[in-house]
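What follows is a short report on a single structure.
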Amino acid sequence: MLKQETTKQSLERSPGLRGTLLPRLQGLLAGKAQAYSWKGALAGVLMLGASMALYISEHAQRTAQLPHEEFVAANTPPAVAAPATTAPGAATPAVADGPAATAVPSAREPAPPAAASAAAPDAASATALATAPLATQPVVLIPSVPLLRLPVNAKHVLVVEEGSGRVMIAKDADAVVPIASLTKLMTAMVVLDAKLDPNEILQIAQQDVDVLKHSLSHVRVGSQMPRMAALKLALMSSDNRAAAALARTFPGGIDGFKVAMQNKIRSLGLTHTTIGEPTGLSPHNTSTATEVAKIAEAASAYPAITQITSVKQSRVAVNGRARELHNTNRLVGGLGWDIRLSKTGYTEEAGRCLTMRMKSGVKTYTVVLLDASGSAQRLRDAAKIRQTLMSSKRVADAR
């Protein structure tokens, strides 16, 4: 009897049990006649087990209905010591696993002064925050929300939600750096704007050969192909000779192409982008992750560019014979990936670069990764971003 009373007192101390399990257990304890027969004991155990299962189910339902903040508060043990108070507008101190990454300000948090918002260019992690427009200046992230910290290898990252223009992930996105073959998106737009005959035959000339990096090519000097085939080679296979031929055969030659390129840069409002040649081999072709996102968004308005860059492989006619091309972005056509536009890039100065527009759920995002240390790291960064966006959506839906 003493053991029964102790159990009862323990249950009464748990407020969550008073209205569910406790009344049932009290009823069980009241049945003294059953307590001394094995049948009564078995029935009691079964009743207790059913009551526990019912309570757990009811508790889970109530917890699922809690707002996210209340759920976290209800399931987080109290801290041993309260953190030091940070003065309004001051930068948040770095956490143990690395410096705080840059992000855009939340609607619930005023932006700190510009001096406090600057983050180290080699910050160890990017940050996810879906609350501000693209033009908003970055601030220091509060590092207490695990979902918003995303370690990536690329030194410069930006992820923007289509339509709203909200920055979802940002890392040193305004640094001016080489962009390698991402240049070819601008080259393609300039060529398509000129409305040249896509079936006109172009011939690869000696002056199209790369003498700066001595890169390989899919086409030999003297090879002939329609202009549209050259465009596919430049965008899908990132062929430098094909890109150079597109610029060389532009009205007015290479000089006419350069003038058209500067006009395109101005029309897109790219104030931190410099492009002096069509391939991206030159380290002087530079931009920022922020402006590369604008380039990708502009390129997505060209059906030819989206069709060429969003397929895993294609065929083109070179010297009258079919040539198979493969997309340099191995994620295109991959299981679970819905990529609507893509372009990769690499030079020693630029590192591994990638920009793409991908659909996740019902939303489309523009992703920019600049200066990753390798192809595998670039792909892993993209996979982390996709997973984070999916997780963020699940959390938002749960709320």
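Every number here is computed from the coordinates shown, using simple stated rules; none is lab data. Remember, predicted model here, so these are calculated numbers, not experimental data. FYI the Cβ positions are ideal-geometry reconstructions off the backbone, even for glycines, and counts take in every protein chain you see.
Points to keep in mind about this one:
- Note on residue 383 and residue 201: the extension gain reaches 61.6 nm, defined as 0.36 nm multiplied by sequence separation minus the Cα-Cα distance.
- Gyration tensor verdict on segment 177-398 (Cα atoms; rounded if a/c is under 1.5, prolate if a/b is larger than b/c, oblate otherwise): prolate
- Ordering 338, 197, 381 by the number of other Cβ atoms within 10 Å of each residue's own Cβ, fewest first, gives 197, 338, 381.
- Stretch gain in nm, segment residue 319-residue 254, where the contour uses 0.36 nm per residue and the Cα spacing is subtracted: 21.0 nm
- Surrounding net charge for residue 314, when Lys and Arg each add one and Asp and Glu each subtract one, Cβ distance under 14 Å: +2
- Only the Cβ atoms of Lys and Arg (+1) and of Asp and Glu (-1) were treated as charged; on that basis the dipole of segment 177-398 about its Cα centre amounts to roughly 680 debye.
- Between segment 247-281 and segment 175-238, the C-alpha centres lie 13 angstrom from each other.
- Peptide ranges 150-159, 254-263 listed from the most packed, as the mean C-beta count within 10 angstrom indicates: 150-159, 254-263
- 378, 166, 220 arranged by Cβ crowding within 10 Å, fewest neighbours leading: 220, 166, 378
- Shape of segment 274-327, Cα gyration tensor, a/c cut at 1.5: oblate
- Sorting 342, 375, 238, 217 by the number of Cβ atoms found within 10 Å of their own Cβ, with the fewest placed first, yields 375, 217, 238, 342.
- Cα gyration tensor shape of segment 253-292, rounded if a/c is under 1.5, else prolate or oblate by comparing a/b with b/c: oblate
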